[in-house]
1. Go through the stretch 80-95 and give me each residue that's open to solvent by 70 Å² or more (accessible area, probe 1.4 Å), over 28 Å from Met137 (Cα atoms) and in a loop (DSSP other than H, G, I, E, B).
2. Sort out which residues of the stretch 47-56 are exposed (fewer than 15 other Cβ atoms within 10 Å of the Cβ) and touching a residue at least 12 places away in the same chain (Cβ under 8 Å), and write them in order of number.
3. Residues to consider are Phe71, Phe77; find the one that is open to solvent by 20 Å² or more (accessible area, probe 1.4 Å), in contact with a Leu (Cβ under 7 Å, 6 or more places away or on another chain) and more than 14 Å from Tyr52 (Cα to Cα).
4. On the basis of being touching a residue at least 24 places away in the same chain (Cβ under 8 Å) and open to solvent by 60 Å² or more (accessible area, probe 1.4 Å), does Lys44 make the cut?
5. Across the stretch 7-26, what is the total count of residues that are in a helix (DSSP H, G or I) and open to solvent by less than 80 Å² (accessible area, probe 1.4 Å)?
6. Which residue is nearest to Leu101 (Cα to Cα), if the candidates are limited to the stretch 32-64 and must be in a strand (DSSP E or B) and under 15 Å from the mean Cα position of the chain (by Cα)?
7. Which residue out of Gln59, Gln132 is over 20 Å from Gly3 (Cβ atoms) and surrounded by 14 or more Cβ atoms within 10 Å (Cβ to Cβ)?
8. Determine whether Leu116 is out of contact with any strand residue (DSSP E or B) (no Cβ under 6 Å at 6 or more places or on another chain), closer than 21 Å to Met28 by Cβ, of a type in the set (A, V, I, L, M) and in a helix (DSSP H, G or I).
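The values are calculated or read from the model by the stated rules, or taken from the named source; none is laboratory data. Note that the structure is predicted; figures quoted are calculated from it, not measured. Don't worry about glycine lacking a Cβ; one is built from the backbone with ideal geometry, like all the others, and counts go over all protein chains shown. SASA here: full protein model, heavy atoms, side chains in, ligands and nucleic acids out. Shrake-Rupley method; radii C 1.70, N 1.55, O 1.52, S 1.80 Å.
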Amino acid sequence: MNGILTSENFKKFMENITVDNYSNIKDMESGFKKHLQLISKEIKLGQISIVYIAPKTPQNPEGLRSFQILFIAPEGFEDEPYEENFGTGEGGTMTLTFNPLPDVEWTEAELKEIDLIGQIFFIVSTKTRLTQKVIEMTGIINSMHRQ
């Protein structure tokens, strides 16, 4: 069986993103950018970007709308995007947009690999957001006890 799951580079990618215990989104996105280098050529990735929208909540009264480019290949990328959308626990959305390298059109099998990368990113970012909230809430609780 050939494909991303049997790749040594994918194994290294997974080891790196699971060993890095991210405590905030900025570090997680930086780590993902760095680790994508391991598999980007293998999955013919030209660009990946993320749009995260969170509604206003008591914990986040302003809500959130952010856009981040996680990766751009030096060779550039095709204009035709492939998107994955995920719902978040607080009623928000995360949209990952993937573009292949120039002159590449992903096959159905390759799109399944892209889906897997998107799902991995969503899982890691969800874990990171929860970790960040726990750290923030712990700090608030600790400061209340000190008063």
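1. Hit for the stretch 80-95 is Glu80, nothing else.
2. Scanning the stretch 47-56 gives a single hit, Pro55.
3. Only one candidate qualifies: Phe77.
4. Working: touching a residue at least 24 places away in the same chain (Cβ under 8 Å): yes; open to solvent by 60 Å² or more (accessible area, probe 1.4 Å): yes.
In short, yes.
5. Quick first cut of the stretch 7-26, residues in a helix (DSSP H, G or I) only: 8-19, 25-26.
Adding the requirement that they be open to solvent by less than 80 Å² (accessible area, probe 1.4 Å) leaves 9-10, 13-14, 16-17, 25.
Qualifying residue count for the region: 7.
6. Among those residues, the one meeting the criterion is Leu45.
7. Every option except Gln132 fails the conditions.
8. yes
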